Amino acid sequence: MLLPDADKRGMRAAQYVRMSTDHQQYSTLNQADAIAAYAAQRGLTIVKTYEDEGCSGLNIDGREGLQRLIEDVKSGRAEFEFVLVYDISRWGRFQDADEGAYYEFICRESGIQVLYCAEQFENDGSLSSTILKNLKRAMAGEFSRELSVKVFIGQSRVTRMGLWRGGPPGYGLRRQLIDERGRVKAQLEYGQHKCLQADRTVLVHGPSVEVATVRRMFGSFVTEGKCPSEIAAELNADQIRTVRGRRWGGITVRQILVNEKYTGCIIFNRSSYKLKQKRVANPADMWIRHDNAFPPLVAPETFAKAQEIMRLREQQRSDQEALERLAAVGREKGYLTRAIIGASQDVLSGETYRRRFGSLVAAYKLAGYQPAPRQRCRQAAAKARSLLGELKMEIVASIEKLGGRATIEQDTGLLRINDEFHLSLGAALAISSGVGRQVRWTVHANRNAQSDLTLVVRTDASNAATVAYYLLPTADIAQARVKHLRISNRIFAEACRYDNLDALCRTCVCFDERGAA
């Protein structure tokens with residue numbers, strides 16, 4: 001329940017602001033002004049801001065501000081009693097109204113109340129406010145659904161008119177700007193956009209050298225029987241580059257060979273990805289198309305022949321043969337990526353592997369390989385954030401148990417020990433470049449942290465358990481002259497190493513202001 005205004009004087013609040021691509025009234029600055037006026041009227045002091053700018057409200061994915069808010073509340077680090085939000089829609093346009101209620105319940109369960117500053121009701125738990133709040137949540141979600149329908153209708157109409165909906169036109173093509181009467185105004189280059197809402201864009205042929213190159217690709221594939229990687233190698237040997245000036249690869253060549261756009265056809269609604277739901281491929285009878293929207297670069301008969309050749313090549317190879325070839329490429333290159341697959345001969349395309357086995361990662365696993373290094377690095381970074389969040393709380397509890405004092409600073413996330421020094425945390429997680437290969441421990445730590453010391457926790461080879469703690473000056477990490485810091489670096493050989501958290505915390509408690517234990 002809300003406290004009377006007189007009892008809330010001096011109480012602390014956090015504000016959450018979010019803006020996607022909505023109208024200017026929802027700019028984060030305008031939201032903050034309204035929230036500030038609301039807080040002043042009720043005697044609340046705003047001590048922290050959580051912000052998501054350019055983020056959709058359909059779900060919590062990608063909304064780092066809201067994620068940090070919920071994490072701080074759940075961990076007990078939140079040093080405020082209220083969360084101020086402009087209105088229900090800024091909290092989220094969740095397609096399931098219960099999702100928005102769930103995040104509010106997390107706050108309320110921790111004794112923190114969410115207040116909506118621009119709504120015509122007080123979020124005080126009364127029957128009337130509960131009914132209105134749930135109604136507004138449903139309306140916020142419905143707004144996105146209605147907008148999605150309007151956008152789809154508009155894009156469908158533009159496609160049926162033979163106009164280009166937007167996005168890069170592709171190699172060999174360019175966008176041409178026309179007015180509402182169909183008169184040509186200008187040709188748009190990459191990065192340029194129309195200024196007037198009434199103007200439209202159509203596709204036209206690009207430079208003659210690009211048109212000739214597209215036709216050469218189809219000729220090499222259909223008439224000469226070459227694979228995409230061979231075609232890419234020939235183009236690179238002839239110093240022919242993509243629109244962005246890059247070298248050709250098997251994937252980029254194949255993307256042109258399978259794109260019906262080069263027959264002069266514009267197609268929309270091949271797949272659906274509405275309201276952040278799972279992307280689904282639509283059957284051909286749901287496609288919206290306009291044939292002969294512009295002069296074709298290749299004849300429809302040539303394009304159809306290219307698709308038939310690809311289909312036959314894919315069908316002629318069994319799943320087992322496809323996986324064996326994929327494994328052979330992995331052994332040859334050391335690891336697998338979509339680009340490596342596209343550049344390799346006698347191997348199916350990455351899209352075919354995805355379609356046959358559910359995903360590329362699933363195909364890697366069946367072929368006996370772990371995911372690509374970049375994917376493993378992203379997984380390791382996420383694990384590091386989770387590990388360090390838990391470790392902070394353990395350190396605070398251990399130091400206080402030993403009679404010391406430790407706090408987590410809200411703004412920086414640093415640990416302040418006995419009001420004498422700051423401690424930042426890092427993690428050394430195991431990662432390898434493939435099955436049977438050497439395991440290395442990559443360090444995830446903030447080299448620019450404004451702290452005196454950095455604690456790096458190292459896991460075992462499976463990243464399942466902690467095996468050691470390294471304490472060293474943050475300046476040593478900042479001065480390391482390597483792009484990717486690993487636990488094998490000499491600075492860790494000179495660091496103070498601890499086998500358990502208790503020994504480390506005892507050192508921190510005894511650490512004096514001169515920086516010596």
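Just so it is clear, none of the values below were taken in a lab; they were calculated from the coordinates. Small disclaimer: the values here were computed from a predicted structure and weren't measured. Neighbour counts are summed over all protein chains in view; Cβ atoms, including those assigned to glycine, are modelled from backbone coordinates with ideal geometry.
Couplings for the stretch 295-309, taken from phi via the Karplus curve 6.51 cos²θ - 1.76 cosθ + 1.60 with θ = phi - 60°, read x, x, 8, 10, 5, x, 5, 5, 4, 4, 5, 4, 5, 5, 4 Hz in order; Gly and Pro are left as x. Residues whose amide H falls under 5 Å from that of Trp164, counting only those 5 or more places apart or on a different chain, are Thr201, Val202, Leu203, with hydrogens built in the peptide plane. From the Kirkwood radius over Cα pairs of the stretch 41-187, Stokes-Einstein at 20 °C and 1.002 mPa s returns a whole-number translational diffusion coefficient of 116 µm²/s.
Over the Cα atoms of the stretch 109-206, what is the Rg over Rh ratio if Rh follows Kirkwood?
Numbers: Rg = 22.8 Å, Rh = 17.6 Å.
Here Rg/Rh amounts to 1.30.
Using only alpha carbons, the stretch 308-366 has a radius of gyration to Kirkwood radius ratio (Rg to Rh) of 0.92.
Kirkwood Rh over Cα pairs of the stretch 227-298 into Stokes-Einstein at 10 °C, 1.306 mPa s: D in µm²/s?
Values: Rh = 14.5 Å.
Rounded, D is 110 µm²/s.
Can you pick out the pairs among Lys74/Lys401; Lys194/Lys305; Lys333/Lys365; Lys48/Lys401; Lys150/Lys305 whose Cα atoms lie more than 26 Å from each other? Beyond 26 Å between Cα atoms: Lys194/Lys305; Lys48/Lys401; Lys150/Lys305.
Considering helices alone, the calculated mean residue ellipticity of the chain at 222 nm is -13000 deg cm²/dmol, with DSSP H runs of length four and up weighted by -39500 (n - 2.57) and normalised per residue.
Given in Å, the Rg to one decimal and the Dmax to the nearest whole number for the Cα atoms of the stretch 154-269 are 15.8, 47.
The C-alpha radius of gyration of the stretch 184-226, expressed as a fraction of 2.2 N^0.38 Å, stands at 1.72.
Close amide-amide hydrogen proximity is noted between Arg486 and Val443, each under 5 Å apart and 5 or more residues distant or on a separate chain (H modeled in the peptide plane; Pro and chain starts excluded).
Expressed as a rounded percentage, what relative contact order does the stretch 155-259 have, with Cα pairs under 8 Å and six or more residues apart? Don't skip to the end; give the middle numbers.
Working: 123 pairs, mean separation 22.7, N = 105.
Taking the mean separation of contacting Cα pairs over the length of the stretch 155-259, I get 22 percent.
Given the alternatives (i) 20, 45, 29, 7, 0; (ii) 17, 37, 37, 9, 0; (iii) 20, 50, 27, 3, 0, P(r) over Cα pairs in 20 Å bins from 0, in percent as computed for this entry is given by (ii). Compute the helix-to-body angle for 208-222: its Cα long axis versus the longest principal axis of the chain, expressed 0 to 90° and rounded to tens. Helix 208-222 sits roughly 80 degrees off the main axis of the chain.
Applied to the stretch 152-168, the Karplus parametrisation 6.51 cos²θ - 1.76 cosθ + 1.60 on θ = phi - 60° returns per-residue 3J(HN,Hα) values of 4, 4, x, 5, 5, 5, 4, 5, 5, 7, x, 8, 8, 6, x, x, x Hz, with x for Gly and Pro.
Work through the residues other than Arg289 whose Cβ is under 14 Å from its Cβ and net out their charges, Lys, Arg +1 and Asp, Glu -1. Charge balance near Arg289 sits at +2. Less than 5 angstrom separates the built amide H of Val83 from those of Ala14, Gln113, Val114, Leu115, all sequence-distant by 5 or more or on a different chain. Label separation (Gln315 vs Thr407): 7.2 nm, computed from points 7 Å beyond Cα along the C-beta direction.
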